[in-house]
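Reading through the structure tokens given below for one structure.
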Amino acid sequence: MTTCKVCSLNSEHPGISVDTAGLCNLCRLDIAGDLLVNYRYTSNVFHEFQHEKPNPDAPYDCLFMYSGGKDSTYMLDKFVNEYGKRVLAYTFDVPFESTHAADNIRLAREKIAADFVLDSDDVNIKKVMREVFNRPAPARPGSYLDEKLPCASCRTFFVLRAILHAFREGIPYVAMCADPQQILTMESNVREVVRGFYQSFGDRLTDEVFRGELEQVLFAEDDELPKIVFPFIAMRHEYDPDQIVAELKAKGLYESSPLETHCTLFPLLNYYAFKHWDCMFYKLNAASHVRAVKRSATGTERSTFSIKFPQVLNIVEIEEQLRRVTLQIAAGEGDRGEHLRELVSIFRGFDADEAAARFVAESFVDMPKVAADVGIRLP
Ligand SMILES: [Zn+2]
């Protein structure tokens, strides 16, 4: 195993190779070509969407995937009030998210002239997560972002629910506020998203959790299918989270919370990444932060990710600590109080304040409870 001398990613990490000079393919930017193709495609679709005339046959110009977080609230307001689109704001209630976004959704419903719909399917999204976590070890060497497969599968599940909703109602576009890293695992073509799910989960489970409806998407004509637009990726150079929050507050559209959303599966996502890929869940984000800091002399580069990383972060050491505690908790070993103390100090190292660090630490020691509730087997 070789470790990249810039960002600390190692050669065993899915999708990563380290050359003889000690640089990984991300630090060498080997994937820049793929990214550019994706960016060009998404920019073109977004441009086409912005200039599209309203379709008289459809009640809406787009279905907008609305989480209630700051990014999607900001963009929803822009779609309706700046671009003049007729928007169906679609929120999927993810059962694993303890959400503090409900207040923002209420404000948006009062102040933004869109229609709102709330969707949920606890039974089937849990079935999918059980399958991802409980299946045998994934094939080696794996590809980029494989260590985040459970997280990506959850997102793909509700993206497919949204696509089906748009498909049924003849809505031509589905808008998603994904960040640039997500687009590498998120296909822009809806048929490819559907195919990818069939490939990962097989015909039987896919037809079961989507009640056979997805098959119609595979065999539909191109012009019957919605297109996915990624507004933040098309406008990536303008992304400024502080300005977004300031603008939303001025419009009375945002009630800030330090923990905007928290996924109760976060500890299990780390367990999955350690168990199968020997890395923590946020490894790529941490590595990309280190890369950005080492590249820019000032070290003040912005990150679009939800966890902030301190300027000097010893990833290798923190990851080792987190690995030990996570695997102990999963195995039912060790002392709860000691785990809590150690976890709080780890998350303090991620720039979290005391309350946030404690909140996340407690979710880690509660991992066996969450696993039992969803039906995920621990060793
Ligand atoms: Zn590197």
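The values are calculated or read from the model by the stated rules, or taken from the named source; none is laboratory data. Since this is a predicted model, take the numbers as computed values, not measurements. As a convention, Cβ positions derive from the backbone with ideal geometry for all residues, glycine included, and neighbour counts pool all protein chains shown. The protein model used for the area step is the full one, side chains on, heavy atoms only, and it has no ligands, DNA or RNA in it. Shrake-Rupley method; radii C 1.70, N 1.55, O 1.52, S 1.80 Å.
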* Asked: GNM on the chain, C-alpha springs below 10 Å: top fluctuator among LEU218, LEU284, LEU253?
  -> LEU218
* Under the classification rounded if a/c is under 1.5, otherwise prolate if a/b is larger than b/c and oblate if not, where does the stretch 32-250 fall, given a ≥ b ≥ c as square roots of the Cα gyration tensor eigenvalues? -> rounded
* Asked: In this model, which of LYS70/LYS148; LYS5/LYS148; LYS85/LYS249; LYS78/LYS249; LYS227/LYS283 are farther than 26 Å apart at the alpha-carbon?
  -> LYS227/LYS283
* Structure fact -> GNM of the chain, Cα pairs under 10 angstrom: of GLY334, GLY69, GLY15, the biggest fluctuation goes to GLY334
* Asked: Accessible area of VAL316, 1.4 Å probe, to the nearest 10 Å²?
  -> 80
* Asked: Carbon and sulfur atoms: what percent of the 1.4 Å accessible area of the stretch 1-146 do they account for?
  -> 51
* Out of all DSSP beta bridges with both ends in the chain, state the antiparallel percent to the nearest 5. => 25
* Structure fact -> Per GNM of the chain with C-alpha springs under 10 angstrom, the most fluctuating residue out of GLU192, GLU221, GLU342 is GLU221
* To do: Show that you can apply the helix-only estimate: for the chain, add -39,500 (n - 2.57) for every DSSP H stretch of four or more residues, divide by all residues, and state [θ] at 222 nm to the nearest 500.
  => -16000 deg cm²/dmol
* **Table column - 3J(HN,Hα) (Hz), the stretch 363-379, Karplus curve with 6.51, -1.76, 1.60, x for Gly and Pro** => 5, 5, 5, 8, 3, x, 5, 4, 4, 5, 5, 7, x, 8, 7, 9, x
* How far, in degrees from 0 to 90, does helix 32-51 lean away from the longest principal axis of the Cα atoms of the chain, to the nearest 10? -> 30
* Structure fact -> Nearest 10, in degrees from 0 to 90: the angle of helix 336-348 to the longest Cα principal axis of the chain is 60
* Any idea which of PHE158, ALA178, LEU145 is furthest toward the positive side of the dipole for the chain, if Lys and Arg beta-carbons carry +1 and Asp and Glu beta-carbons -1? -> LEU145
* Relative to the longest principal Cα axis of the chain, at what angle does helix 190-209 sit, 0 to 90 degrees, rounded to 10? -> 70
